1. Just one of (1) open to solvent by 60 Å² or more (accessible area, probe 1.4 Å); (2) at pLDDT 90 or above trips up residue 120, so point out which.
2. In region 14-39, how many residues are modelled with pLDDT under 90 and of a type in the set (Val, Ile, Thr)?
3. Of everything in region 74-101, what is open to solvent by 50 Å² or more (accessible area, probe 1.4 Å) and under 25 Å from residue 55 (Cα atoms)? Give them in sequence order.
Amino acid sequence: LLSSHTPVEITQVSSAISSYSTSKLPLLFKHEPLLLHVASSSIYTAQELLKLVLQLGFRESGLITTNYNKRVTVAIRSYGLALTVPLFGRETEDGLGDLINCSNLRWNDNYKKLKRLTSMIEQNFFTREKLTK
């Protein structure tokens, strides 16, 4: 019905709900935080990245290895900002507005974490000294 990678407005959500058949209720209002998979050149680099992301608060992150450690991926996750709420089509405008405000605040927190992550990866993995080694 509605998918966005930016904060949403109440008019967008209300319009999506009203266009949906009430016989198929409940709907789910979801905010899903960052999920990022990063392929690594080595198990050592993957461990260093994992250590960094855990320090930055991406608690549910981990390593995925395949083909006997020939391919190493760091899964960066932070489901602490997730939000899932059933909607039954009877929500008040104030209630829906509060839900959207909560979701947008979580979106902003998620975006700040992503910017901080980007900055720290650049500082720790892409400095001139690191690239010349």
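1. (1)
2. 2
3. Matches in region 74-101: 77, 79.
The values are calculated or read from the model by the stated rules, or taken from the named source; none is laboratory data. Remember, it's a predicted structure, so these values are computed and weren't measured experimentally. What goes into the accessible areas is simple: the full protein's heavy atoms, side chains included, and nothing from ligands, DNA or RNA. Shrake-Rupley method; radii C 1.70, N 1.55, O 1.52, S 1.80 Å.
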